[in-house]
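J.: Here's a structure for you.
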Amino acid sequence: MSESPVFDVAEAMRVAREAEQFEWSWSASNIEQLQSLLAPIKLSGAKMRFAPSTELDIVRVFIADIPLHSVDDAEREALRTGFAALRMDLIEAWGEPDSDIDGDTRSLVWVLAQVVVQLNCRTHSVSYLLFRPDAHRSAEAARRARQEQDEQRTDFAPFLAVLPHIANAHLRSWSRSDLDSLFEAVGWPIDISNEDLVAEQNGDAVQASLHASRTEEYMDADRWGFGEYRELRLSQRLSSRVMPEAYAAALRSCVELLGPPPVVGGPDAQAIWRGAKVTYTLSTSGSGLQFAATPTEAVEGREYWESKWDEDWESPLRWLVTTGADGVRFGTRDWWVHERPAETWSMLDDYITELFPSLAGDLALLAPYATGVVWVLRVADEPGPFVQGWFADDGAGLGIHLPGAEPVVRSYPPSFESGRRIAAETTAALRKFGVASPTDLEMEAWAPWGTTQALDTFRLGFKR
């Protein structure tokens with residue numbers, strides 16, 4: 001199809017209707033049959049896990065597909081706007097989606113009689129994944145089985161036992177000789193995979209790994225100063241039921257080993273100890289705990305170059321608080337990467353929906369090193385409507401002040417779901433400000449007064 005980012009929503013709905021009514025045999029010939037119905041839409045098919053077969057489990061249909069290197073802000077906005085309209089049309093046709101993918105509202109699933117339809121929106125594409133119902137049920141059953149197994153994983157002692165080995169390791173040149181004694185001391189079975197060094201403890205009750213990632217050629221080791229290895233990462237899958245307790249125990253252990261973290265932030269409740277030679281980061285993940293060690297100068301030098309020369313590069317960190325715990329051994333960075341300005345409503349929506357859930361959920365884990373953030377969005381240079389809110393380790397709140405309406409103030413418990421609700425209410429309220437774009441707004445944000453904490457980064461696409 002055309003590389004125009006403005007795709008035809010009516011045509012995308014026709015694709016959905018054709019897929020719903022198509023006589024599926026889930027054979028390779030279906031690709032040709034569908035292609036003749038949907039031309040010039042682009043299709044491809046595969047088995048689950050990409051096993052070669054004349055049968056199909058998945059058909060991917062691209063509605064919009066822009067070369068990644070050429071995506072600009074106007075194209076992003078057009079993709080998001082078209083996706084939002086298509087999503088609403090599909091909800092009108094099929095009802096609310098049966099599920100989203102891990103809470104991601106950009107991957108929505110409808111289970112129909114002959115086909116399961118998943119609608120995806122990415123930076124440069126909008127597509128349907130059409131699943132054979134049996135294959136989708138099998139994949140869902142496997143996912144539920146993994147979740148049930150993860151719910152049994154509540155022993156985080158292995159993670160705590162390995163932390164001192166990493167914190168006390170002598171990572172001088174990031175060579176194999178630096179790592180051998182560490183892996184030997186940990187004592188887990190070792191495997192060398194793709195030249196990485198991996199030690200794992202796998203079982204029904206414990207799934208944990210210590211992974212040393214080898215420096216790859218594209219990272220230009222000589223230029224940035226990487227050694228033979230570029231990262232050492234300890235990971236353990238855990239039940240969500242024990243994650244608050246496990247993270248608290250891991251953070252206490254790290255503080256005993258390294259001192260209080262000079263920087264904390266999110267997403268993923270990151271506590272960061274930046275040293276002259278090595279940076280340590282404790283964090284959560286979707287499935288458990290992680291503790292990473294990386295070479296400070298090499299990683300930061302490469303990140304700085306990427307942020308300077310790649311307009312699309314963004315730091316994964318959405319907010320950062322300096323805690324006032326700088327010391328001789330650990331401190332803060334001299335610079336933070338730029339953030340792209342929020343020039344369109346959908347860009348601001350993205351910033352808000354990525355930032356607010358992290359603040360609402362992660363502050364509870366990172367206290368007392370970060371205890372709160374206060375923020376306000378309003379029309380620039382004039383009195384008028386505004387939205388203000390606060391996130392704290394013990395709760396969150398939102399105040400909406402619109403012309404001709406009574407102020408609305410709500411409080412929420414500390415949780416990721418609270419952050420998602422606050423994000424949705426905020427983005428809806430901003431549309432009622434009566435301004436043309438987010439460039440007509442201004443933002444302020446700060447950490448609580450009377451503490452040593454300072455809000456370093458609050459990534460919403462506004463200068464502070």
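The values are calculated or read from the model by the stated rules, or taken from the named source; none is laboratory data. As the structure is a prediction and not an experimental result, all values here were calculated from the model. Ideal geometry is used to build each Cβ from the backbone, glycine not excepted, and the neighbour counts take in all protein chains shown. The protein model used for the area step is the full one, side chains on, heavy atoms only, and it has no ligands, DNA or RNA in it. Shrake-Rupley method; radii C 1.70, N 1.55, O 1.52, S 1.80 Å.
J.: Could you tell me which residue of region 425-464 is most open to solvent (accessible area, probe 1.4 Å), considering only residues that are more than 22 Å from Pro267 (Cα to Cα) and hydrophobic (A, V, I, L, M, F, W, C)?
T.: Filtering region 425-464 for residues that are more than 22 Å from Pro267 (Cα to Cα) and hydrophobic (A, V, I, L, M, F, W, C), the one most open to solvent (accessible area, probe 1.4 Å) comes out as Trp449.
J.: Right, next: For Ser315, indicate whether it is assigned to a loop (DSSP other than H, G, I, E, B), out of contact with any Cys (no Cβ under 6 Å at 6 or more places or on another chain) and more than 25 Å from Trp449 (Cα to Cα).
T.: yes
J.: Okay, moving on. What's the total number of residues in region 229-244 that are more than 26 Å from Thr296 (Cβ to Cβ) and open to solvent by less than 20 Å² (accessible area, probe 1.4 Å)? Walk me through it before giving the result.
T.: So the first thing to find is which residues in region 229-244 are more than 26 Å from Thr296 (Cβ to Cβ), and the list is 237-244.
With open to solvent by less than 20 Å² (accessible area, probe 1.4 Å) added as a condition, the list becomes 238-239, 242.
Adding up the residues that qualify gives 3.
J.: Does region 11-26 hold any residues that are surrounded by fewer than 14 Cβ atoms within 10 Å (Cβ to Cβ) and farther than 16 Å from Arg87 by Cα, and which are they?
T.: Gln21, Glu23, Ser25
J.: Pull up region 111-123, narrow it to residues that are open to solvent by less than 50 Å² (accessible area, probe 1.4 Å) and without any contact (Cβ under 8 Å) to a residue 60 or more places away in the chain, then point me to the one that is farthest from Pro97 (Cα to Cα).
T.: Applying the first criterion (open to solvent by less than 50 Å² (accessible area, probe 1.4 Å)) to region 111-123 yields 112, 115-121.
In the following step, the residues that additionally are without any contact (Cβ under 8 Å) to a residue 60 or more places away in the chain were identified as 116, 118-121.
Values: Val116: 11, Gln118: 9, Leu119: 10, Asn120: 13, Cys121: 15 Å.
Ranking the qualifying residues of region 111-123, first place goes to Cys121.
J.: Test of understanding: among Ser138, Ser99, which residue is open to solvent by 20 Å² or more (accessible area, probe 1.4 Å) and modelled with pLDDT under 80?
T.: That would be Ser99, the only listed residue that is open to solvent by 20 Å² or more (accessible area, probe 1.4 Å) and modelled with pLDDT under 80.
J.: So, in region 199-256, how many residues would count as being within 22 Å of the chain's Cα centre (by Cα) and among the β-branched types (Val, Ile, Thr)?
T.: Within region 199-256, residues that are within 22 Å of the chain's Cα centre (by Cα) and among the β-branched types (Val, Ile, Thr) number 1.
J.: Go through region 224-281 and count every residue that is free of Cβ contacts under 8 Å to residues at least 40 places away in the same chain and among the hydroxyl-bearing types (Ser, Thr, Tyr).
T.: So the answer is 2.
J.: Among Ser437, Ser411, which is the only one that is at pLDDT below 95 and of a type in the set (Gly, Ala, Ser)?
T.: Only one candidate passes the filter, namely Ser437.
J.: State all residues of region 372-403 that are surrounded by fewer than 19 Cβ atoms within 10 Å (Cβ to Cβ) and touching a Ser or Thr at 6+ places or on another chain (Cβ under 7 Å); if no residue qualifies, say none.
T.: Hits for region 372-403 are Asp393, Gly395, Gly397.
For (1) modelled with pLDDT under 95; (2) open to solvent by 10 Å² or more (accessible area, probe 1.4 Å), each residue gets a yes or a no:
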{"residue": "Ala249", "(1), (2)": "no, yes"}
{"residue": "Val255", "(1), (2)": "no, yes"}
{"residue": "Pro261", "(1), (2)": "no, no"}
{"residue": "Gln270", "(1), (2)": "no, yes"}
{"residue": "Ala276", "(1), (2)": "yes, yes"}
{"residue": "Thr279", "(1), (2)": "no, yes"}
{"residue": "Leu282", "(1), (2)": "no, no"}
{"residue": "Ala293", "(1), (2)": "no, no"}
{"residue": "Ala298", "(1), (2)": "yes, no"}
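J.: Same structure, new question: Among the residues of region 302-337, which ones are open to solvent by less than 30 Å² (accessible area, probe 1.4 Å), within 19 Å of the chain's Cα centre (by Cα) and among the aromatic types (Phe, Trp, Tyr)?
T.: Trp319 - this is the single residue of region 302-337 that is open to solvent by less than 30 Å² (accessible area, probe 1.4 Å), within 19 Å of the chain's Cα centre (by Cα) and among the aromatic types (Phe, Trp, Tyr).
J.: Separate question: Count, please, the residues in region 150-174 that happen to be part of a helix (DSSP H, G or I) and not charged (D, E, K, R). I'd like the intermediate steps shown before the answer.
T.: We begin by selecting, within region 150-174, every residue part of a helix (DSSP H, G or I); these are 150-151, 157-167.
Pick out the ones that are also not charged (D, E, K, R) and you get 157-167.
Selection size over region 150-174: 11.
J.: What's the number of the only condition in (1) open to solvent by 40 Å² or more (accessible area, probe 1.4 Å); (2) part of a loop (DSSP other than H, G, I, E, B); (3) at pLDDT below 95 that Tyr369 fails to meet?
T.: For Tyr369, the failing item is (3).
J.: Also, quick follow-up: Considering each of Glu77, Glu55 in turn, give the residue that is modelled with pLDDT under 85, over 30 Å from Asp350 (Cβ atoms) and open to solvent by 40 Å² or more (accessible area, probe 1.4 Å).
T.: That would be Glu55, the only listed residue that is modelled with pLDDT under 85, over 30 Å from Asp350 (Cβ atoms) and open to solvent by 40 Å² or more (accessible area, probe 1.4 Å).
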